[in-house]
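Everything below concerns the one structure shown next.
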Amino acid sequence: MSTPENPGTPDEQHVPERREITVRRAPKYVPFLVLGGLVGFVVAAFLAYGLPGDESYDASAVFGFFMIMCGAGGVILGGTVALILDRLSVRRAKRAVVESVPDSVPDTEDQQGA
């Protein structure tokens, strides 16, 4: 064991490494894409079943058409929102300095359950 008077060998000493990092809150893209697609499906359902339409077309066929169009538009819109939020998080990023800490060696008493 090393003490302040006897620091030990260079192998036993650990010099902490200091690094500068950037900390920011970045959005996850997949939830935004999924949410945009779900909103697009809800809009498609409203357009197909909620509004009066032509009787010559089946409502499920109209829903299928609008589901493709509105779902794709919702995914694009969700991705755009996530991209905008990601760019805003870059502006609000903070710089920090961190030090590495050596791994602690567990006491033998803790391992024996005493």
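What about Arg25, is it touching a residue at least 60 places away in the same chain (Cβ under 8 Å), assigned to a loop (DSSP other than H, G, I, E, B) and not small (Gly, Ala, Ser)? First the steps, then the outcome.
Numbers: touching a residue at least 60 places away in the same chain (Cβ under 8 Å): yes; assigned to a loop (DSSP other than H, G, I, E, B): yes; not small (Gly, Ala, Ser): yes.
Spelling it out, Arg25 is indeed touching a residue at least 60 places away in the same chain (Cβ under 8 Å), assigned to a loop (DSSP other than H, G, I, E, B) and not small (Gly, Ala, Ser).
Please work out which one of (1) in a helix (DSSP H, G or I); (2) within 30 Å of Ala96 (Cβ to Cβ); (3) hydroxyl-bearing (Ser, Thr, Tyr) is the condition Ser60 fails and give its number.
All conditions pass for Ser60, except number (2).
Kindly establish whether Arg19 is charged (D, E, K, R), outside any loop (DSSP other than H, G, I, E, B) and modelled with pLDDT of 85 or more.
On the way: charged (D, E, K, R): yes; outside any loop (DSSP other than H, G, I, E, B): yes; modelled with pLDDT of 85 or more: no.
So Arg19 fails the test.
Residues of segment 29-42 being more than 10 Å from Leu77 (Cβ to Cβ) and either at pLDDT below 95 or under 18 Å from the mean Cα position of the chain (by Cα) (or both), which ones?
Looking only at segment 29-42, we keep the residues that are more than 10 Å from Leu77 (Cβ to Cβ), and these are 29-31, 34, 38, 41-42.
Answer for segment 29-42, where residues must be more than 10 Å from Leu77 (Cβ to Cβ) and either at pLDDT below 95 or under 18 Å from the mean Cα position of the chain (by Cα) (or both): Tyr29, Val30, Pro31, Val34.
Out of Val90, Val34, Val97, report the one residue that is in contact (Cβ under 8 Å) with a residue 12 or more places away in the chain, aliphatic (A, V, I, L, M), part of a helix (DSSP H, G or I) and in contact with a Lys or Arg (Cβ under 8 Å, 6 or more places away or on another chain). Don't jump to the end; show me each part of the working.
On the way: Val34 fails: in contact with a Lys or Arg (Cβ under 8 Å, 6 or more places away or on another chain); Val97 fails: part of a helix (DSSP H, G or I).
Residue meeting the stated conditions: Val90.
The values are calculated or read from the model by the stated rules, or taken from the named source; none is laboratory data. These numbers were taken from a predicted model, which means no experiment stands behind them. Cβ: placed from backbone, ideal geometry, glycine included. Neighbour counts: every protein chain shown.
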